[in-house]
Amino acid sequence: MRVDGEHRFDLSRSVMWEHLLNPESLQGAIPGCTAFEEVAPETWELTAQVGVGPVRGTFTGRVELRDREPESRYTLIASGQGRPGGGQGEAVINLTDDGDGTHLRYEADVTVRGAIARVGGRLLTASARTMARQFFDAIEKEAKTATERSAAR
Amino acid sequence: MIPSAFDYQRAGSIAEAIALKQGAEGDARFIAGGHSLIPLMKLRLAEPSLLIDISGIPGLSGVSEDGGRVSIGALTTHAELESDSVLLASAPVVAEAAGEIGDQQVRNRGTIGGSLAHADPASDLPAVVVALDASIHIAGAGGERTVAAGDFFSGLFEVDLAEDELITSVSFDAPSQAAYAKLRHPASHFAIVGVAASLTVEGGVCTGARVAVTGASTHAQRLGAVEEALTGSSLDDDAIAAASAAADVDDVNADLAGSEEYRQAMTRVFTGRAIAAAAAR
Ligand SMILES: Cc1cc2nc3c(=O)[nH]c(=O)nc-3n(C[C@H](O)[C@H](O)[C@H](O)COP(=O)(O)OP(=O)(O)OC[C@H]3O[C@@H](n4cnc5c(N)ncnc54)[C@H](O)[C@@H]3O)c2cc1C
(Lines give C-alpha, C1' and ligand atoms only; values in the text may rest on other atoms or scores of the structure.)
Protein backbone atom coordinates (compact mmCIF):
# COMPACT_ATOMS: atom_id res chain seq x y z
CA MET A 1 0.00 0.00 0.00
CA ARG A 2 1.30 3.43 -0.89
CA VAL A 3 0.63 6.28 1.48
CA ASP A 4 1.68 9.82 0.83
CA GLY A 5 0.98 13.10 2.47
CA GLU A 6 2.18 16.53 3.43
CA HIS A 7 2.63 18.49 6.59
CA ARG A 8 3.47 22.10 7.37
CA PHE A 9 5.59 23.09 10.33
CA ASP A 10 5.87 26.64 11.67
CA LEU A 11 9.52 26.08 12.54
CA SER A 12 12.41 26.41 10.13
CA ARG A 13 13.93 23.61 8.13
CA SER A 14 17.14 23.46 10.14
CA VAL A 15 15.24 23.20 13.43
CA MET A 16 12.83 20.57 12.11
CA TRP A 17 15.68 18.59 10.58
CA GLU A 18 17.45 18.46 13.91
CA HIS A 19 14.38 17.20 15.74
CA LEU A 20 13.12 14.76 13.14
CA LEU A 21 16.42 12.91 13.49
CA ASN A 22 17.04 13.40 17.16
CA PRO A 23 16.44 10.29 19.29
CA GLU A 24 15.16 12.30 22.26
CA SER A 25 12.62 14.19 20.19
CA LEU A 26 11.58 11.03 18.39
CA GLN A 27 11.01 9.24 21.66
CA GLY A 28 8.92 12.13 22.92
CA ALA A 29 6.84 12.28 19.77
CA ILE A 30 6.07 8.60 19.36
CA PRO A 31 2.79 7.93 21.20
CA GLY A 32 3.19 5.96 24.42
CA CYS A 33 6.84 5.26 23.69
CA THR A 34 8.26 3.41 26.68
CA ALA A 35 11.49 1.91 25.41
CA PHE A 36 13.80 3.50 22.86
CA GLU A 37 17.23 2.05 22.51
CA GLU A 38 19.96 2.44 19.93
CA VAL A 39 20.90 -1.06 18.78
CA ALA A 40 23.11 -0.15 15.83
CA PRO A 41 24.20 3.12 14.24
CA GLU A 42 21.07 5.05 13.21
CA THR A 43 18.90 2.15 14.31
CA TRP A 44 16.62 2.02 17.33
CA GLU A 45 14.35 -0.55 18.91
CA LEU A 46 11.27 0.73 20.60
CA THR A 47 7.98 -0.06 22.26
CA ALA A 48 5.02 2.20 21.63
CA GLN A 49 1.29 2.39 22.19
CA VAL A 50 -0.09 2.99 18.76
CA GLY A 51 -3.64 3.23 17.58
CA VAL A 52 -6.41 5.04 15.86
CA GLY A 53 -9.73 5.38 17.62
CA PRO A 54 -10.93 2.11 19.08
CA VAL A 55 -8.08 0.03 17.68
CA ARG A 56 -5.07 0.37 19.92
CA GLY A 57 -2.17 -1.84 20.78
CA THR A 58 1.32 -2.05 22.12
CA PHE A 59 3.82 -2.54 19.36
CA THR A 60 7.50 -3.37 19.46
CA GLY A 61 9.50 -2.34 16.50
CA ARG A 62 12.60 -1.04 14.90
CA VAL A 63 13.34 2.27 13.18
CA GLU A 64 16.25 3.00 10.96
CA LEU A 65 17.22 6.32 9.39
CA ARG A 66 19.14 6.22 6.13
CA ASP A 67 20.30 8.21 3.14
CA ARG A 68 20.48 11.53 4.93
CA GLU A 69 20.86 14.60 2.80
CA PRO A 70 21.10 17.27 5.50
CA GLU A 71 18.05 19.47 5.89
CA SER A 72 16.37 18.14 2.78
CA ARG A 73 15.79 14.43 2.61
CA TYR A 74 16.06 11.08 4.39
CA THR A 75 14.64 7.59 4.35
CA LEU A 76 12.94 6.03 7.35
CA ILE A 77 12.62 2.28 7.54
CA ALA A 78 10.29 0.92 10.19
CA SER A 79 8.83 -2.40 11.20
CA GLY A 80 6.62 -3.37 14.10
CA GLN A 81 4.66 -6.17 15.65
CA GLY A 82 1.78 -6.05 18.09
CA ARG A 83 -1.29 -8.09 19.00
CA PRO A 84 -3.55 -6.64 16.30
CA GLY A 85 -0.93 -7.44 13.66
CA GLY A 86 2.29 -6.17 12.27
CA GLY A 87 3.74 -4.26 9.44
CA GLN A 88 6.74 -2.71 7.82
CA GLY A 89 7.37 0.22 5.63
CA GLU A 90 9.82 2.53 4.05
CA ALA A 91 9.21 6.24 3.78
CA VAL A 92 11.09 8.90 1.87
CA ILE A 93 10.82 12.28 3.56
CA ASN A 94 11.49 15.55 1.78
CA LEU A 95 11.78 18.95 3.40
CA THR A 96 11.53 22.29 1.64
CA ASP A 97 11.17 25.88 2.85
CA ASP A 98 7.66 27.24 3.18
CA GLY A 99 7.93 30.90 4.12
CA ASP A 100 9.31 30.95 7.68
CA GLY A 101 8.24 27.36 8.10
CA THR A 102 8.89 24.00 6.58
CA HIS A 103 6.97 21.90 4.14
CA LEU A 104 7.35 18.16 4.59
CA ARG A 105 6.30 15.60 2.04
CA TYR A 106 6.38 11.85 2.66
CA GLU A 107 5.92 8.92 0.37
CA ALA A 108 5.71 5.56 2.01
CA ASP A 109 5.31 2.00 0.94
CA VAL A 110 3.70 0.00 3.71
CA THR A 111 2.72 -3.63 4.09
CA VAL A 112 0.66 -4.92 7.00
CA ARG A 113 -0.23 -8.38 8.22
CA GLY A 114 -2.46 -10.00 10.78
CA ALA A 115 -5.92 -8.83 11.83
CA ILE A 116 -5.20 -5.24 10.77
CA ALA A 117 -4.54 -6.43 7.23
CA ARG A 118 -7.52 -8.78 7.04
CA VAL A 119 -10.14 -6.32 8.15
CA GLY A 120 -8.60 -2.91 8.14
CA GLY A 121 -8.48 -2.43 4.36
CA ARG A 122 -11.25 0.11 4.40
CA LEU A 123 -9.36 2.47 6.66
CA LEU A 124 -5.68 1.67 6.31
CA THR A 125 -4.69 4.70 4.26
CA ALA A 126 -6.73 7.07 6.39
CA SER A 127 -5.32 5.52 9.58
CA ALA A 128 -1.75 5.78 8.33
CA ARG A 129 -2.26 9.44 7.46
CA THR A 130 -3.84 10.11 10.84
CA MET A 131 -0.90 8.54 12.67
CA ALA A 132 1.56 10.49 10.53
CA ARG A 133 -0.24 13.72 11.41
CA GLN A 134 -0.26 12.86 15.12
CA PHE A 135 3.47 12.16 14.95
CA PHE A 136 4.32 15.37 13.08
CA ASP A 137 2.19 17.47 15.44
CA ALA A 138 3.96 15.86 18.39
CA ILE A 139 7.45 16.33 17.00
CA GLU A 140 6.76 19.98 16.29
CA LYS A 141 5.65 20.35 19.90
CA GLU A 142 8.88 18.68 21.03
CA ALA A 143 10.84 21.05 18.83
CA LYS A 144 8.97 24.10 20.11
CA THR A 145 9.48 23.13 23.75
CA ALA A 146 13.17 22.53 23.16
CA THR A 147 13.54 25.86 21.34
CA GLU A 148 11.79 27.73 24.14
CA ARG A 149 13.88 25.95 26.74
CA SER A 150 17.14 26.95 25.09
CA ALA A 151 15.89 30.51 24.55
CA ALA A 152 15.11 30.79 28.27
CA ARG A 153 18.64 29.80 29.22
CA MET B 1 -14.15 -14.61 15.94
CA ILE B 2 -13.90 -15.14 19.69
CA PRO B 3 -13.01 -12.11 21.79
CA SER B 4 -10.35 -12.12 24.49
CA ALA B 5 -11.58 -12.53 28.06
CA PHE B 6 -13.10 -9.42 29.62
CA ASP B 7 -15.00 -8.41 32.73
CA TYR B 8 -18.48 -6.98 32.55
CA GLN B 9 -20.37 -4.56 34.78
CA ARG B 10 -23.75 -2.93 34.38
CA ALA B 11 -24.06 0.72 35.37
CA GLY B 12 -27.33 1.82 36.95
CA SER B 13 -26.71 5.55 36.55
CA ILE B 14 -24.49 8.00 34.71
CA ALA B 15 -22.51 8.68 37.89
CA GLU B 16 -21.96 4.97 38.44
CA ALA B 17 -20.78 4.48 34.84
CA ILE B 18 -18.25 7.29 35.19
CA ALA B 19 -17.06 6.03 38.58
CA LEU B 20 -16.60 2.50 37.21
CA LYS B 21 -14.60 3.87 34.33
CA GLN B 22 -12.41 6.00 36.55
CA GLY B 23 -11.80 3.16 38.98
CA ALA B 24 -10.97 0.63 36.29
CA GLU B 25 -7.48 -0.60 35.59
CA GLY B 26 -6.49 -1.36 32.03
CA ASP B 27 -8.64 -0.76 29.00
CA ALA B 28 -12.24 -0.26 30.17
CA ARG B 29 -14.87 0.76 27.62
CA PHE B 30 -18.49 1.76 27.75
CA ILE B 31 -20.82 -0.40 25.73
CA ALA B 32 -24.29 0.60 24.54
CA GLY B 33 -25.70 -1.37 21.59
CA GLY B 34 -22.39 -3.13 21.04
CA HIS B 35 -22.71 -3.05 17.27
CA SER B 36 -19.46 -1.24 16.68
CA LEU B 37 -17.48 -2.44 19.67
CA ILE B 38 -18.32 -6.16 19.64
CA PRO B 39 -17.34 -6.68 15.98
CA LEU B 40 -13.95 -5.12 16.80
CA MET B 41 -13.60 -7.37 19.85
CA LYS B 42 -14.45 -10.47 17.85
CA LEU B 43 -11.66 -9.60 15.45
CA ARG B 44 -9.41 -8.83 18.43
CA LEU B 45 -8.80 -5.37 17.09
CA ALA B 46 -10.10 -4.18 20.46
CA GLU B 47 -9.32 -6.13 23.62
CA PRO B 48 -10.94 -4.27 26.49
CA SER B 49 -10.38 -5.66 29.95
CA LEU B 50 -13.75 -4.39 31.20
CA LEU B 51 -17.04 -3.54 29.53
CA ILE B 52 -19.22 -1.06 31.38
CA ASP B 53 -22.73 -1.59 30.06
CA ILE B 54 -24.61 1.70 29.96
CA SER B 55 -27.64 0.35 28.10
CA GLY B 56 -29.70 -0.04 31.29
CA ILE B 57 -29.23 3.51 32.59
CA PRO B 58 -32.71 5.01 32.99
CA GLY B 59 -33.66 8.31 31.38
CA LEU B 60 -31.22 8.18 28.45
CA SER B 61 -33.64 6.91 25.85
CA GLY B 62 -36.38 8.43 23.73
CA VAL B 63 -37.23 11.55 21.76
CA SER B 64 -38.97 14.67 23.05
CA GLU B 65 -39.79 18.11 21.74
CA ASP B 66 -40.21 21.34 23.63
CA GLY B 67 -40.92 24.63 21.85
CA GLY B 68 -39.37 23.53 18.56
CA ARG B 69 -36.25 22.08 20.23
CA VAL B 70 -35.92 18.34 19.67
CA SER B 71 -33.97 16.20 22.13
CA ILE B 72 -32.84 12.61 21.60
CA GLY B 73 -31.47 10.45 24.43
CA ALA B 74 -28.12 8.80 23.74
CA LEU B 75 -29.47 5.27 24.17
CA THR B 76 -32.24 5.70 21.60
CA THR B 77 -31.80 2.97 19.00
CA HIS B 78 -31.74 3.54 15.26
CA ALA B 79 -35.00 1.52 15.01
CA GLU B 80 -36.66 3.85 17.53
CA LEU B 81 -35.48 6.91 15.61
CA GLU B 82 -36.77 5.44 12.36
CA SER B 83 -40.36 5.21 13.56
CA ASP B 84 -40.54 7.93 16.20
CA SER B 85 -43.65 10.09 15.79
CA VAL B 86 -42.00 13.29 17.06
CA LEU B 87 -39.15 12.91 14.57
CA LEU B 88 -41.44 11.96 11.70
CA ALA B 89 -43.38 15.18 12.32
CA SER B 90 -40.55 17.59 13.26
CA ALA B 91 -37.28 16.22 11.88
CA PRO B 92 -37.98 13.46 9.36
CA VAL B 93 -34.36 13.68 8.16
CA VAL B 94 -33.21 11.90 11.33
CA ALA B 95 -35.73 9.09 10.92
CA GLU B 96 -34.83 8.80 7.26
CA ALA B 97 -31.08 8.51 7.92
CA ALA B 98 -31.57 6.09 10.83
CA GLY B 99 -33.76 3.90 8.64
CA GLU B 100 -30.92 3.54 6.18
CA ILE B 101 -28.42 2.25 8.73
CA GLY B 102 -27.29 -1.37 8.31
CA ASP B 103 -30.05 -3.93 8.63
CA GLN B 104 -32.93 -4.45 11.06
CA GLN B 105 -30.76 -6.27 13.61
CA VAL B 106 -28.20 -3.47 13.62
CA ARG B 107 -30.93 -0.83 13.95
CA ASN B 108 -32.55 -2.72 16.83
CA ARG B 109 -29.34 -2.59 18.88
CA GLY B 110 -27.23 0.34 17.66
CA THR B 111 -27.72 3.66 19.44
CA ILE B 112 -27.31 7.27 18.40
CA GLY B 113 -24.90 7.89 21.30
CA GLY B 114 -22.73 4.94 20.27
CA SER B 115 -22.78 6.00 16.66
CA LEU B 116 -21.62 9.56 17.45
CA ALA B 117 -19.03 8.50 20.04
CA HIS B 118 -17.55 5.85 17.76
CA ALA B 119 -17.47 8.26 14.78
CA ASP B 120 -16.86 5.68 12.10
CA PRO B 121 -15.97 7.75 9.02
CA ALA B 122 -18.72 5.97 7.08
CA SER B 123 -21.51 6.26 9.66
CA ASP B 124 -24.65 8.18 8.79
CA LEU B 125 -25.79 10.11 11.84
CA PRO B 126 -22.69 12.31 12.20
CA ALA B 127 -23.52 14.07 8.90
CA VAL B 128 -27.10 14.59 10.03
CA VAL B 129 -26.25 16.12 13.40
CA VAL B 130 -23.65 18.40 11.81
CA ALA B 131 -26.16 19.60 9.18
CA LEU B 132 -28.75 20.22 11.90
CA ASP B 133 -26.23 22.21 13.96
CA ALA B 134 -27.08 19.92 16.87
CA SER B 135 -25.69 20.22 20.38
CA ILE B 136 -24.10 17.13 21.87
CA HIS B 137 -24.64 16.92 25.61
CA ILE B 138 -21.89 15.23 27.58
CA ALA B 139 -21.56 14.18 31.22
CA GLY B 140 -18.26 13.59 33.00
CA ALA B 141 -16.79 13.55 36.48
CA GLY B 142 -16.43 17.33 36.35
CA GLY B 143 -20.08 17.92 35.44
CA GLU B 144 -21.92 18.47 32.21
CA ARG B 145 -20.94 20.25 29.04
CA THR B 146 -22.29 20.79 25.55
CA VAL B 147 -20.39 20.72 22.27
CA ALA B 148 -21.64 21.84 18.85
CA ALA B 149 -21.78 18.86 16.49
CA GLY B 150 -19.64 20.80 13.99
CA ASP B 151 -16.82 20.92 16.56
CA PHE B 152 -17.32 17.42 17.94
CA PHE B 153 -15.87 15.40 15.05
CA SER B 154 -12.22 16.19 14.38
CA GLY B 155 -10.63 13.24 12.63
CA LEU B 156 -10.66 9.53 12.01
CA PHE B 157 -12.59 8.14 15.02
CA GLU B 158 -11.55 11.37 16.76
CA VAL B 159 -14.15 13.23 18.77
CA ASP B 160 -14.21 15.78 21.55
CA LEU B 161 -14.96 13.26 24.29
CA ALA B 162 -12.67 12.29 27.16
CA GLU B 163 -12.20 8.65 28.13
CA ASP B 164 -14.45 9.01 31.16
CA GLU B 165 -17.20 11.08 29.54
CA LEU B 166 -20.56 9.90 28.27
CA ILE B 167 -22.83 11.36 25.64
CA THR B 168 -26.20 11.78 27.32
CA SER B 169 -28.31 13.36 24.57
CA VAL B 170 -28.38 15.31 21.34
CA SER B 171 -30.61 18.34 20.77
CA PHE B 172 -31.38 20.65 17.84
CA ASP B 173 -33.96 23.08 16.55
CA ALA B 174 -36.50 21.32 14.36
CA PRO B 175 -35.25 22.03 10.82
CA SER B 176 -37.62 23.62 8.37
CA GLN B 177 -36.51 21.56 5.37
CA ALA B 178 -33.87 18.86 5.61
CA ALA B 179 -33.01 15.61 3.85
CA TYR B 180 -30.35 12.90 3.71
CA ALA B 181 -29.12 11.16 0.57
CA LYS B 182 -26.79 8.21 0.73
CA LEU B 183 -24.86 5.93 -1.55
CA ARG B 184 -24.70 2.80 0.54
CA HIS B 185 -22.19 0.03 0.48
CA PRO B 186 -24.04 -2.99 -0.93
CA ALA B 187 -22.94 -5.37 1.84
CA SER B 188 -22.62 -3.38 5.06
CA HIS B 189 -24.92 -0.48 4.08
CA PHE B 190 -22.37 1.94 5.55
CA ALA B 191 -22.18 5.20 3.59
CA ILE B 192 -19.74 5.24 0.69
CA VAL B 193 -20.87 8.84 0.79
CA GLY B 194 -23.85 10.35 2.58
CA VAL B 195 -24.95 13.96 2.48
CA ALA B 196 -27.35 15.77 4.81
CA ALA B 197 -28.75 19.15 3.81
CA SER B 198 -30.77 21.53 5.95
CA LEU B 199 -32.27 24.60 4.27
CA THR B 200 -34.15 27.69 5.34
CA VAL B 201 -36.29 29.08 2.54
CA GLU B 202 -38.16 32.38 2.62
CA GLY B 203 -40.32 33.49 -0.29
CA GLY B 204 -38.65 31.05 -2.67
CA VAL B 205 -35.13 32.18 -1.74
CA CYS B 206 -32.70 30.08 0.27
CA THR B 207 -31.67 32.22 3.24
CA GLY B 208 -29.59 29.64 5.05
CA ALA B 209 -28.02 26.27 4.30
CA ARG B 210 -26.02 23.71 6.24
CA VAL B 211 -24.74 20.79 4.23
CA ALA B 212 -22.55 18.01 5.65
CA VAL B 213 -20.95 14.93 4.17
CA THR B 214 -19.94 11.61 5.70
CA GLY B 215 -18.09 8.66 4.20
CA ALA B 216 -16.01 10.83 1.92
CA SER B 217 -13.23 11.71 4.33
CA THR B 218 -11.92 11.00 7.81
CA HIS B 219 -14.96 12.48 9.54
CA ALA B 220 -18.30 14.16 8.93
CA GLN B 221 -17.79 17.75 7.88
CA ARG B 222 -19.58 20.72 6.38
CA LEU B 223 -19.34 21.59 2.72
CA GLY B 224 -18.82 25.33 3.13
CA ALA B 225 -18.60 26.22 -0.56
CA VAL B 226 -21.89 24.43 -1.23
CA GLU B 227 -23.60 26.32 1.59
CA GLU B 228 -22.32 29.62 0.23
CA ALA B 229 -23.47 28.83 -3.29
CA LEU B 230 -26.96 27.95 -2.06
CA THR B 231 -27.47 30.99 0.11
CA GLY B 232 -29.39 33.62 -1.81
CA SER B 233 -30.26 31.23 -4.63
CA SER B 234 -33.75 30.22 -5.74
CA LEU B 235 -32.94 26.49 -5.39
CA ASP B 236 -33.87 25.78 -9.00
CA ASP B 237 -32.11 23.01 -10.93
CA ASP B 238 -29.31 25.28 -12.12
CA ALA B 239 -28.64 26.60 -8.62
CA ILE B 240 -28.56 23.08 -7.21
CA ALA B 241 -26.21 21.92 -9.98
CA ALA B 242 -23.89 24.86 -9.37
CA ALA B 243 -23.89 24.30 -5.61
CA SER B 244 -23.21 20.57 -5.83
CA ALA B 245 -20.34 21.20 -8.26
CA ALA B 246 -18.68 23.03 -5.35
CA ALA B 247 -18.75 19.92 -3.12
CA ASP B 248 -14.99 19.53 -2.76
CA VAL B 249 -13.65 17.27 -0.04
CA ASP B 250 -10.13 17.34 1.41
CA ASP B 251 -8.35 14.08 2.19
CA VAL B 252 -10.79 11.88 0.31
CA ASN B 253 -10.92 8.24 1.42
CA ALA B 254 -10.01 5.50 -0.99
CA ASP B 255 -10.69 1.81 -0.45
CA LEU B 256 -12.17 -1.23 -2.17
CA ALA B 257 -15.59 0.44 -2.30
CA GLY B 258 -14.35 3.42 -4.23
CA SER B 259 -11.32 5.38 -5.36
CA GLU B 260 -10.72 9.01 -4.42
CA GLU B 261 -12.07 10.18 -7.78
CA TYR B 262 -15.21 8.07 -7.44
CA ARG B 263 -15.94 9.26 -3.91
CA GLN B 264 -15.37 12.88 -4.91
CA ALA B 265 -17.70 12.47 -7.89
CA MET B 266 -20.35 10.73 -5.78
CA THR B 267 -20.11 13.46 -3.16
CA ARG B 268 -21.23 15.93 -5.85
CA VAL B 269 -24.05 13.67 -7.04
CA PHE B 270 -25.42 12.98 -3.57
CA THR B 271 -25.03 16.60 -2.50
CA GLY B 272 -27.32 17.48 -5.40
CA ARG B 273 -29.82 14.82 -4.39
CA ALA B 274 -29.88 15.84 -0.74
CA ILE B 275 -30.42 19.49 -1.61
CA ALA B 276 -33.16 18.69 -4.13
CA ALA B 277 -34.93 16.47 -1.60
CA ALA B 278 -34.65 19.10 1.13
CA ALA B 279 -35.91 21.83 -1.24
CA ALA B 280 -38.95 19.68 -2.09
CA ARG B 281 -39.91 19.13 1.59
C1 LIG C 1 -23.30 -5.14 10.02
C2 LIG C 1 -23.30 -3.72 10.47
C3 LIG C 1 -23.73 -2.75 9.60
C4 LIG C 1 -23.74 -1.41 9.98
N5 LIG C 1 -24.14 -0.46 9.09
C6 LIG C 1 -24.15 0.84 9.46
C7 LIG C 1 -24.58 1.84 8.56
O8 LIG C 1 -25.01 1.59 7.43
N9 LIG C 1 -24.54 3.13 8.98
C10 LIG C 1 -24.12 3.46 10.24
O11 LIG C 1 -24.10 4.65 10.56
N12 LIG C 1 -23.72 2.54 11.12
C13 LIG C 1 -23.73 1.23 10.77
N14 LIG C 1 -23.33 0.28 11.68
C15 LIG C 1 -22.88 0.71 13.02
C16 LIG C 1 -24.04 0.81 13.99
O17 LIG C 1 -24.83 1.92 13.66
C18 LIG C 1 -23.56 0.90 15.45
O19 LIG C 1 -24.59 0.45 16.24
C20 LIG C 1 -23.20 2.26 15.96
O21 LIG C 1 -22.17 2.80 15.16
C22 LIG C 1 -22.66 2.21 17.38
O23 LIG C 1 -23.69 2.22 18.32
P24 LIG C 1 -23.72 1.17 19.50
O25 LIG C 1 -24.75 1.63 20.44
O26 LIG C 1 -23.85 -0.19 18.96
O27 LIG C 1 -22.26 1.40 20.14
P28 LIG C 1 -21.27 0.39 20.86
O29 LIG C 1 -20.73 -0.60 19.90
O30 LIG C 1 -21.87 -0.12 22.12
O31 LIG C 1 -20.12 1.42 21.25
C32 LIG C 1 -19.31 2.01 20.25
C33 LIG C 1 -18.30 2.95 20.91
O34 LIG C 1 -18.96 4.10 21.43
C35 LIG C 1 -18.79 4.20 22.84
N36 LIG C 1 -20.08 4.63 23.37
C37 LIG C 1 -21.29 4.03 23.17
N38 LIG C 1 -22.26 4.78 23.71
C39 LIG C 1 -21.66 5.88 24.26
C40 LIG C 1 -22.15 7.02 24.96
N41 LIG C 1 -23.45 7.22 25.19
N42 LIG C 1 -21.24 7.93 25.37
C43 LIG C 1 -19.92 7.77 25.12
N44 LIG C 1 -19.42 6.71 24.48
C45 LIG C 1 -20.28 5.76 24.04
C46 LIG C 1 -18.32 2.83 23.30
O47 LIG C 1 -17.48 2.93 24.41
C48 LIG C 1 -17.58 2.32 22.10
O49 LIG C 1 -16.26 2.82 22.10
C50 LIG C 1 -23.33 -1.06 11.31
C51 LIG C 1 -22.92 -2.04 12.20
C52 LIG C 1 -22.91 -3.38 11.79
C53 LIG C 1 -22.48 -4.42 12.77
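The values are calculated or read from the model by the stated rules, or taken from the named source; none is laboratory data. Being a predicted model, the structure only gives us computed values, none of them experimental. With ideal geometry, Cβ positions are generated from the backbone for all residues, glycine too; neighbour counts draw on all protein chains shown. Ligands, DNA and RNA are stripped out before the accessible areas are found, and what is left, the full protein with its side chains, is counted by its heavy atoms. Shrake-Rupley method; radii C 1.70, N 1.55, O 1.52, S 1.80 Å.
Computed quantities for the displayed model
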item: Hey, A:PRO31 in contact (Cβ under 8 Å) with a residue 12 or more places away in the chain, in contact with a strand residue (DSSP E or B) (Cβ under 7 Å, 6 or more places away or on another chain), surrounded by 20 or more Cβ atoms within 10 Å (Cβ to Cβ) and not small (Gly, Ala, Ser) or not; result: no
item: Candidates B:SER188, B:SER259, filtered to the one that is within 16 Å of the ligand (Cβ to nearest atom) and within 14 Å of chain A (Cβ to nearest Cβ); result: B:SER188
item: Qualifying residues in segment B:20-45 (those that are open to solvent by 60 Å² or more (accessible area, probe 1.4 Å) and within 17 Å of B:ALA139 (Cβ to Cβ)) - the one nearest to the ligand (Cβ to nearest atom); result: B:GLN22
item: Lone unmet requirement of (1) outside any strand (DSSP E or B); (2) away from chain B (no Cβ under 12 Å) for A:ASP137; result: (2)
item: Those helices (runs of 4 or more DSSP H) lying entirely in segment B:1-94 with at least 1 residues assigned by TED's automatic domain parsing to the domain that holds B:ALA197; result: none
item: Check on B:ASP124, within 17 Å of the chain's Cα centre (by Cα), near the ligand (Cβ under 8 Å from one of its atoms), over 26 Å from B:LEU223 (Cα atoms) and modelled with pLDDT of 95 or more; result: no
item: Any hit, segment B:99-106, residues being near the ligand (Cβ under 8 Å from one of its atoms) and within 14 Å of chain A (Cβ to nearest Cβ); result: no
item: Residue list for segment B:95-110, restricted to those being open to solvent by less than 10 Å² (accessible area, probe 1.4 Å) and either farther than 21 Å from B:LEU199 by Cβ or assigned to a loop (DSSP other than H, G, I, E, B) (or both); result: B:GLY110
item: Condition check for B:PRO48: within 14 Å of chain A (Cβ to nearest Cβ), open to solvent by less than 20 Å² (accessible area, probe 1.4 Å), in contact (Cβ under 8 Å) with a residue 40 or more places away in the chain and over 26 Å from B:VAL128 (Cβ atoms); result: yes
